[in-house]
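Here the structure comes first, spelled out in structure tokens, and everything after it is commentary.
The values are calculated or read from the model by the stated rules, or taken from the named source; none is laboratory data. Treat the numbers as computed from the prediction; the structure is a model and nothing was measured. Cβ sites come from the backbone with ideal geometry, for glycine too, and all protein chains shown count toward neighbours.
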Amino acid sequence: MYKLLKKDGRAKRAEFHTVHGVIQTPVFMNVGTVAAIKGAVSTADLEEIGTQVELSNTYHLHVRPGDHIVRQLGGLHKFMSWDRPILTDSGGFQVFSLAGLRKIKEEGVTFQSHIDGHKIFMGPEESMQIQSNLASTIAMAFDECAPHPCTREYMQNSVERTTRWLLRCKAEMDRLNSLPDTINRQQMLFGINQGGTFEDIRIWHAKEISQLKLDGYAVGGLAVGESHEEMYHILDVTVPFLPEDKPTYLMGVGTPANILEAVDRGVDFFDCVYPTRNGRHGHVYTNYGKLNLFNAKYELDDRPIEEGCQCPTCRRYSRAYIRHLLKAKEMLGMRLCVLHNLYFYNHLMEEIRGAIDAGCYGEFKQQKLAGFAMGGQK
Ligand SMILES: [Zn+2]
């Protein structure tokens, strides 16, 4: 159940009630691709850095260890020892981006595993069954993330098929949730809006899927190579056609600045690999831009990554020490950077919620953007 608490301009502040607890939105979901946050971050760490939702990838878990294994072990929550909400993606994005040779038909997609090359078939029913076996809190509908750029005709056909797939996802999820031995019988389903940068297709599709009374709605197929301005424009024209009384999830986005802009356009769920991927490369976020800790200027810098940051890394370790660990290729260096970055994102969302609560989101956004644009120089 989604409870809209406050609006400030188009920015939404809400609570989303799930069987695994209440999510305060806007929220950033921390990406744990194979049921682990890359960079040796445990679920105990996630609790400490304020993670509300963990996100795992259906395709990866289907290929390894296999969703039937996870099901026999009691579902993803038990398997990874995490009792808060988990969102699983549908597998669609990986099928279309990672997997080798693939063939799209009305029934679904046949493709090759990126692990051992064996043939896998996945359609809406299979994706729902896998996600039901994983027993996540929120399941995503199986869709096609069309290539960017593609022709208008390709996009139109693709979005129409994605709509038919969504109906099949909903029917299958209803069936699975009604079975007595399903682990999470209150699993929720989010539909996904597609249409690339074709405004009219986006709007038509948003109207179509809004009629289905789903638990939430995502905007997919963005951050795939279009400019930030194009992405913001698509949000401007599309989000008003998605239900305001449901969560709006912008998939795979993005930088702190992207998040600030999208919140201002009514988006309240986010996920992105940037904080973890950048952290693993020694790139850390601060309120005045990103720092590269490999840089020689941090060799004797005994300050924390960011003064005043309350993350487990900054409370204890210096830039100089983390730089040394990174240079020595010690796993701890990577881990400390990822912990700081995820805390930074989670904390940014907390500040965003506070600003919407206080009715000063516009001002807050401008002040944050000005800081991020400083390029790490203070
Ligand atoms: Zn920190």
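Out of I104, I115, report the one residue that is under 22 Å from A35 (Cα atoms) and β-branched (V, I, T). Break it down into steps so the answer makes sense when it comes.
Details: I104 fails: under 22 Å from A35 (Cα atoms).
The conditions single out I115.
Testing A257 on (1) of a type outside the set (S, T, N, Q); (2) under 18 Å from F372 (Cβ atoms); (3) surrounded by fewer than 20 Cβ atoms within 10 Å (Cβ to Cβ); (4) within 15 Å of the ligand (Cβ to nearest atom), one condition comes back false. Which one is that?
Here A257 meets the rest and fails (4).
Just a yes or no: is a residue in the range 64-76 in contact with a Ser or Thr (Cβ under 8 Å, 6 or more places away or on another chain), more than 21 Å from M173 (Cβ to Cβ) and not aromatic (F, W, Y)?
No.
Taking the conditions exactly as written (β-branched (V, I, T), over 19 Å from Q24 (Cα atoms) and touching a strand residue (DSSP E or B) at 6+ places or on another chain (Cβ under 8 Å)), does V284 satisfy them or not?
Answer is yes for this residue.
Find the helices (runs of 4 or more DSSP H) located wholly in the range 58-129 whose residues include 1 or more that are modelled with pLDDT of 90 or more and among the aliphatic types (A, V, I, L, M), and list them.
Of the helices (runs of 4 or more DSSP H) lying wholly inside the range 58-129, those with at least 1 residues that are modelled with pLDDT of 90 or more and among the aliphatic types (A, V, I, L, M) span 58-63, 67-72, 76-80.
Any residue that is among the hydrophobic types (A, V, I, L, M, F, W, C), touching a residue at least 12 places away in the same chain (Cβ under 8 Å) and not in a strand (DSSP E or B) - is there at least one of those in the range 21-34?
yes
Which count do you get for residues in the range 324-350 that are out of contact with any helix residue (DSSP H, G or I) (no Cβ under 7 Å at 6 or more places or on another chain) and free of Cβ contacts under 8 Å to residues at least 60 places away in the same chain?
Final tally of qualifying residues: 5.
Scan the range 355-378 residue by residue and report those that are free of Cβ contacts under 8 Å to residues at least 40 places away in the same chain, under 14 Å from D8 (Cβ atoms) and in a helix (DSSP H, G or I).
E363, F364, Q366
Starting from residues that are part of a loop (DSSP other than H, G, I, E, B) and polar (S, T, N, Q), keep the ones in the range 130-153 and report whichever is nearest to G32 (Cα to Cα).
Checked the range 130-153; the qualifying residue nearest to G32 (Cα to Cα) is S136.
Collect the residues in the range 294-338 that are away from the ligand (no atom under 12 Å from the Cβ) and either in contact with a strand residue (DSSP E or B) (Cβ under 7 Å, 6 or more places away or on another chain) or polar (S, T, N, Q) (or both), keeping them in residue-number order.
If the condition is that a residue be away from the ligand (no atom under 12 Å from the Cβ) and either in contact with a strand residue (DSSP E or B) (Cβ under 7 Å, 6 or more places away or on another chain) or polar (S, T, N, Q) (or both), then N295, R335 are the ones that fit.
So is V19 among the β-branched types (V, I, T) and surrounded by fewer than 22 Cβ atoms within 10 Å (Cβ to Cβ) or not?
So V19 passes the test.
Could we say that V224 is in contact (Cβ under 8 Å) with a residue 24 or more places away in the chain, among the aliphatic types (A, V, I, L, M) and in a loop (DSSP other than H, G, I, E, B) here?
So V224 fits the description; yes.
For G216, indicate whether it is more than 30 Å from Q187 (Cα to Cα), surrounded by 15 or more Cβ atoms within 10 Å (Cβ to Cβ) and modelled with pLDDT of 95 or more.
No; evaluated as a whole, the condition is false for this residue.
Conditions tested, residue by residue: (1) surrounded by fewer than 22 Cβ atoms within 10 Å (Cβ to Cβ); (2) among the polar types (S, T, N, Q).
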| site | (1), (2) |
| --- | --- |
| V34 | yes, no |
| I49 | no, no |
| V53 | no, no |
| S56 | no, yes |
| V70 | no, no |
| G74 | yes, no |
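If I ask for residues that are within 16 Å of the ligand (Cβ to nearest atom), modelled with pLDDT of 95 or more and over 27 Å from V41 (Cα atoms), which ones from the range 339-378 would you list?
G371
Could you tell me which of the residues S178, S132, S127 is at negative phi and without any contact (Cβ under 8 Å) to a residue 40 or more places away in the chain?
The match here is S178.
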